[in-house]
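The values are calculated or read from the model by the stated rules, or taken from the named source; none is laboratory data. From a predicted model like this one, the values you see are computed outputs, not experimental measurements. Quick reminder, even Gly has a Cβ in these numbers, built from the backbone with ideal geometry, and neighbours come from all protein chains shown.
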């Protein structure tokens, strides 16, 4: 049996059962005679309100079948169809004509498939197969398996056992000092973790004793990731038995499931990028850069340059056939369409978000982001104040390329509903509004998540970004002014001018920012800008790459 | 929401298929109506006389054994291959000359031969058992873990 998420096992069930349900559901919904037939059959089964129920039966079969076929929300589609088929089964049994009858024949003059109802044996098989899909998932060749290649956040929040905090801190320091070769958790060895942090929350963020937040981003199935993490952690027990609820490495997955907190909002700069892919692209770029840095190459590129060579090559090669050009044009069409839709819908969407975030804020008094007004003396004072703030709150910018932010704020209970409204609307911006590597024209964010803790009492913001915290906040102030206001104006003591009240805002942030005990990045030298450029440089090179042909070409040179 | 294939998944499917094959085989082997029904159905494709009788014993024994093996989850992959081939043969036969008429009013499960949609569904189920294994509560699982 395959233990991989892309198991082929459920695929025949999904495709054949899905096709059957679509074919039988279609006439129930979209043809007059088919609809009359199902109303007639439901009436014969003595199912109440057959006229109403028929629409439900048809919709469940048709749309459920479609979802099964494509592998989208298959558990829901399967469960609803079990409910529908099982309902018919029970009413047929109650007719008292089992086993030779109970299921009504199609309404005359209709006869045969797709108008017949599945009889006892077929119904049992359908329900058994659908139960298998519920338990086993969609498997390979499905939307679900495609989606699982994308990145996810895992955020574990666990209470630290009394008196174990000092020992845990010692272990975490050892991990942070050498994330790859320490004897506890070797993040680099799992090959899946993009970023990880471990933060210890003290009394002010916790109702009863200190807590540990372990937040990581990874690709694929949680089970596979936890397996990989455990495999790369020789001292798994030593780390986690300092937390309540942990028993042993065998129970690590159960522990993770129990203490994981889902992300209310999440953003990934490159949702489908894997650690391996990012590292490979960076390695290729570096090799190219090294080649281009050779003195002779740069000399050649300056004079005569590649243009004469390309001119000659294009004269020899001619233009590609029209079918190829059509294919290139068509393959670029979806992204062009998405870009056009974004240009139309995103500006009004942001207006709405900004208006929503501004409710209850005092934007009249604090109308400017930069409250120095361009005065050099005031700007110098401003910089000095910021420096003093950073010193006060021990903000260290000792991660030159990448950094993290862990912000814990207390939510005002009266604003909890409003916070959830913002959370529900957020995917419109984080998922749909901007292309990969870009959110509101900020090109420094690898990923972030908002996590609601303690039943809505606290809101955590967990971000991984490039550069210093100061630059990061600067990006927010310049380009994402509506972003944090929308969420944090639901929290205690948030400045009435929000991000426009810069000094108070920055102070508010620093007060709630928690320094990590462990910070790990799988590609510490690779910024979001790098990945964007790497995709442009490496993508066309790797497209249609044929190693044998290239080797032959190089030998012929 | 998105769970990977696990050992519990094939269990409901295996049990339904196992029970269905056991019932269908039992009727062919141990009841006169079930035996005659299949002999008459074979006549629809021109198989008559002793050959039809022998085939009925053979198919009945195969189905009965396959059903029991599926129920206990032993040699599930072999059973799935054998029955998938048998189902493919039935599908081809149904496409060529349609379904036979039932014998003596026995036109219902588990006497009647599956029609085309039902046969396709059986094939899908058998392929899933083939690719996914017998799963929990099975002899195959016990053999694997011992």
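Hey, any hits in segment A:147-155 for a residue that's under 30 Å from the mean Cα position of the chain (by Cα), at pLDDT below 95, within 14 Å of chain B (Cβ to nearest Cβ) and part of a helix (DSSP H, G or I)? Checked segment A:147-155: at least one residue is under 30 Å from the mean Cα position of the chain (by Cα), at pLDDT below 95, within 14 Å of chain B (Cβ to nearest Cβ) and part of a helix (DSSP H, G or I). Here residue B:102 fulfils each of the conditions (1) within 14 Å of another protein chain (Cβ to nearest Cβ); (2) within 28 Å of residue A:137 (Cβ to Cβ) apart from (2). Looking across segment A:65-88, the residues that are more than 12 Å from chain B (Cβ to nearest Cβ) and within 16 Å of residue A:124 (Cβ to Cβ) come down to A:81, A:83, A:84, A:86, A:87, A:88. Can you name the residue in segment A:19-59 that is free of Cβ contacts under 8 Å to residues at least 40 places away in the same chain and in a loop (DSSP other than H, G, I, E, B) and, of all such residues, is nearest to residue A:90 (Cα to Cα)? Once the filter is applied, the top-ranked residue is A:48. The condition of being at pLDDT below 95 and within 14 Å of chain A (Cβ to nearest Cβ) holds for only one of B:19, B:24, B:9, B:84, that being B:9. Residue B:70 meets all of the listed conditions (1) at the interface with chain A (Cβ under 10 Å from one of its Cβ atoms); (2) farther than 25 Å from residue A:102 by Cα; (3) part of a helix (DSSP H, G or I); (4) in contact with a helix residue (DSSP H, G or I) (Cβ under 6 Å, 6 or more places away or on another chain) but one, namely (1).
Across segment B:8-27, a minimum of one residue is classified as farther than 30 Å from residue A:8 by Cα and in contact (Cβ under 8 Å) with a residue 12 or more places away in the chain.
Exactly one residue out of A:175, A:198, A:171 is under 17 Å from residue A:516 (Cβ atoms) and part of a strand (DSSP E or B): that is A:198. For the criterion of being within 14 Å of chain B (Cβ to nearest Cβ), over 24 Å from residue B:106 (Cβ atoms) and touching a residue at least 40 places away in the same chain (Cβ under 8 Å), residue A:62 fails.
Checking B:47, B:39 one by one, the residue that is surrounded by 15 or more Cβ atoms within 10 Å (Cβ to Cβ), outside any helix (DSSP H, G or I) and out of contact with any strand residue (DSSP E or B) (no Cβ under 8 Å at 6 or more places or on another chain) is B:47 and no other. Please verify whether residue A:225 is touching a residue at least 12 places away in the same chain (Cβ under 8 Å) and touching a helix residue (DSSP H, G or I) at 6+ places or on another chain (Cβ under 7 Å), treating the condition exactly as stated. Criteria not met by residue A:225. Looking only at segment A:86-93, decide whether some residue is closer than 30 Å to residue A:145 by Cβ, surrounded by 14 or more Cβ atoms within 10 Å (Cβ to Cβ), touching a residue at least 24 places away in the same chain (Cβ under 8 Å) and assigned by TED's automatic domain parsing to the domain that holds residue A:14. For segment A:86-93, residues closer than 30 Å to residue A:145 by Cβ, surrounded by 14 or more Cβ atoms within 10 Å (Cβ to Cβ), touching a residue at least 24 places away in the same chain (Cβ under 8 Å) and assigned by TED's automatic domain parsing to the domain that holds residue A:14: present. The numbered conditions (1) more than 18 Å from residue A:482 (Cα to Cα); (2) at pLDDT 95 or above are all true for residue A:459 except (1). Checking each residue in segment A:90-100 for being within 12 Å of another protein chain (Cβ to nearest Cβ) and either assigned to a helix (DSSP H, G or I) or in contact with a helix residue (DSSP H, G or I) (Cβ under 8 Å, 6 or more places away or on another chain) (or both) picks out A:92, A:98, A:99. Looking across segment A:484-496, the residues that are over 15 Å from residue A:474 (Cα atoms) and buried (at least 21 other Cβ atoms within 10 Å of the Cβ) come down to A:486, A:487, A:488, A:489, A:490, A:494, A:495. The combined condition, being crowded, with 20+ Cβ neighbours inside 10 Å, over 17 Å from residue A:25 (Cα atoms) and within 14 Å of another protein chain (Cβ to nearest Cβ), is fulfilled by residue A:125.
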